[in-house]
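Accompanying notes for the structure given below.
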Amino acid sequence: MVDQEDVEMKMALRHDSQPHESPEPKRSKPRDSSGGEDSQRRMQRELRAAAAEKRMEAARGTASAAGSSVVGSGKGGEVEQQRVAEGQSVAAAAATATEVENVESVGDVNVQELEGASIRGKGVFGVEGMQSTSGISDISLSVLEADELFFMIFGNGVSKDVLSQWTNQGIRFSDDPETSMGLVQHEGGPCGVLAAIQAFVLKYLLFSPEDNVNAAHHMSNLSMRRLPINEFVAADIFSSLSEEKKSRALVRSMCEILFLCGRGERAVIVSLNSDGSDSIKSANRSEDEVIAEVFGGLSVESGADLQKVLRVHTCTSFPTAIKRLEAMLPVFRSRMGALLFLISALLSRGLDNVQEDRDDPTLPLVTAPFGHASQEIVNLLLSGSAVPNVFDGKIDLGSGMFVKGLTTPVEVGFLTLLESLNYCKVGQYLKCPRWPIWVVGSESHYTVLFALDTKVQDENEFEYRESQIRRAFDAQDQSGGGGFIGVEGFHHVIRETNINLPADKIEHLCSTGFIVWSEFWQALLDLDKSLGGMKDSTGHMGRKVFDLYHFNGIAKSVVNGSQALGNESPVQRPRITKLRVSVPPRWTPEEFMAGPDTRDSGNSGEVSKPAPGQHAPLVDCIRTRWPRSVCNWEGDAPSIV
């Protein structure tokens, strides 16, 4: 059995280290893109971790001589010992250990023997630890580390209102049939955490085949396939979801995010010392009721409070983490759920690594004075790194100073109203994720935008050409993201992308000594395709029509501008809005507004002007992804606040 496990592990490692064939939808590169040497080290670490697990299994036979003891009760401990003695796989033992929670081995096996068990990310954490036979390490934070964690999240002088927001938000699905797939938010603040989890939940509900957790682990490593839309989408897809399917999607989403933060090597899952397990077994009440009672008087106002109540579990396999999360769902549904998940993600990444990701590690991750989740929190949950910016790569500010953005493709993306206001530039990694799902940011709130069909991500001829030219232009941009290049760089772009602009156009663009992207791109749009430009008089190049859906989980922003009638307040519940999006052909704005009569009459039927669009701040966000798009919807405008 042990030999068979070795074979399976090596096959899995070879699978993860080899490039995967690209599926039909947009896909990411493997997350570890650091090269062959790093990949080799990662393989060696995983083999060492497996060896450590096997040493622990073998050590059980001589536990007394080694000074180890088995902490258990009655039949549960005997069942666990029997399963390990019979040579069951570590994954099978993990499943049993989840059911028999009190079976743990304490002794001479150091928690840090498992690669990634240190929750700092660097150095050794001074903790009291226990290593279960299932491969789950169970540790407590020291007061010093709990203070560091609390300060990292909230900073000094955090208000009671902000603490209340973050300690009174569970991870719960909506009771409304129309939005039953959505997570509900009752207070401001943790929406960044909920929106990121929601994005991954939608990924699993819409695009993931039903399979076992072992296959789910490989899917988290970018081997999921696209299913035809008619296999998983029906008119009532959300209203017909079962609680079991939603819970399964939630658990898999949380597990994927935590392993993403842990670089695929570990998932740190934070629980509370008193989770009500004994009360659940002895009382004829639901788990949620018992957990609510246990946590009813809990107050978290300092690092010392965290140290008293937190237990930290490190899982090094996907199936083990799935089992643990399933068992802990009532805890995450409780009022502490959002904060516990954020802490889990931070510890999965490692506190030192989180601080290195950031441009300014002195600022709290929860922003003052309103307690909103920072962009670093959102980026951590979407990409696994707590970088503060949304552009691709990093920008050199000179003198060895850099500001950091994303360095790898992502599964689900991000759009923001701030880009439409020219406060930032979202890079291609976040703007074009593997799946058509985006967290949407405004000045004070995070929501989710998604499509039911991956084809909205497909590049047509025009978009492919635009991306190609933009990448070449950005590669020559030495302005720190200013959007302009020098004459020499401009000529390099023209040669690299085979642009055949007339000499007088090139001379005009170069007349000032530098070339601005917007002027260069408009010159291409103004010039007909037959003359070397991008203009397509037939209108076939660049036109799209598709549907998007927007979900706002906060229960306070359902009806925009509604007034209470008499003493009655407006209905407050999460809301989903369907938008019809039409992306016009990329001729000049003047030609588009003039209507089809100014263009080729033979094709006027195919390029007819769409209905006048409606406007809301969400439309401005959508236009950062699909410029000049026109959006329409029924009923109240979608709200991103």
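The values are calculated or read from the model by the stated rules, or taken from the named source; none is laboratory data. Because the structure is a prediction, the values reported are computed rather than measured. Counting neighbours? That spans all protein chains shown, and the Cβs are built from the backbone with ideal geometry, glycine included. To get the accessible areas, we keep the full protein, side chains included, count just its heavy atoms, and leave off ligands, DNA and RNA. Shrake-Rupley method; radii C 1.70, N 1.55, O 1.52, S 1.80 Å.
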TODO: Take segment 239-258 and flag every residue that is touching a Ser or Thr at 6+ places or on another chain (Cβ under 6 Å) and either open to solvent by 10 Å² or more (accessible area, probe 1.4 Å) or of a type in the set (Gly, Ala, Ser) (or both).
DONE: Leu241
TODO: For segment 536-552, indicate whether the set of residues that are outside any strand (DSSP E or B), at pLDDT 70 or above and not charged (D, E, K, R) is non-empty.
DONE: no
Task: In segment 475-493, residue surrounded by the most Cβ atoms within 10 Å (Cβ to Cβ) [restricted to those that are over 33 Å from the mean Cα position of the chain (by Cα) and either part of a strand (DSSP E or B) or at pLDDT below 90 (or both)] - done: Ile485
Task: Scan of segment 335-373 for residues that are assigned to a helix (DSSP H, G or I) and open to solvent by 40 Å² or more (accessible area, probe 1.4 Å), ordered by number - done: Gln355, Glu356
Task: Failed condition for Pro369, given (1) over 16 Å from Gly155 (Cβ atoms); (2) out of contact with any Phe, Trp or Tyr (no Cβ under 8 Å at 6 or more places or on another chain); (3) at pLDDT below 95 - done: (1)
Task: Flag if Asp175 is open to solvent by 40 Å² or more (accessible area, probe 1.4 Å) and touching a Gly at 6+ places or on another chain (Cβ under 6 Å) - done: no
TODO: Please list, ordered by first then second residue, the pairs with beta carbon atoms under 9 Å, 6 or more apart or interchain, first in segment 516-541 and at positive phi, second modelled with pLDDT under 80 and surrounded by 18 or more Cβ atoms within 10 Å (Cβ to Cβ).
DONE: Gly539/Pro584; Gly539/Pro585; Gly539/Trp587; Gly539/Arg599; Gly539/Val607
- [ ] Name every residue in segment 616-641 that is assigned to a helix (DSSP H, G or I) and touching a strand residue (DSSP E or B) at 6+ places or on another chain (Cβ under 7 Å), in order of residue number.
- [x] Leu618, Val619, Cys621, Ile622, Thr624, Arg625
- [ ] Of all residues in segment 292-334, count the ones that are in contact with a Leu (Cβ under 9 Å, 6 or more places away or on another chain), assigned to a helix (DSSP H, G or I) and of a type in the set (A, V, I, L, M).
- [x] 8
Open item on the list: Looking at segment 155-177 only, could you name the residues that are part of a helix (DSSP H, G or I) and within 22 Å of the chain's Cα centre (by Cα)?
Closed with: Gln165, Trp166
TODO: Taking only segment 320-334 into account, find how many residues are in contact (Cβ under 8 Å) with a residue 60 or more places away in the chain and either under 16 Å from the mean Cα position of the chain (by Cα) or buried (at least 21 other Cβ atoms within 10 Å of the Cβ) (or both).
DONE: 9
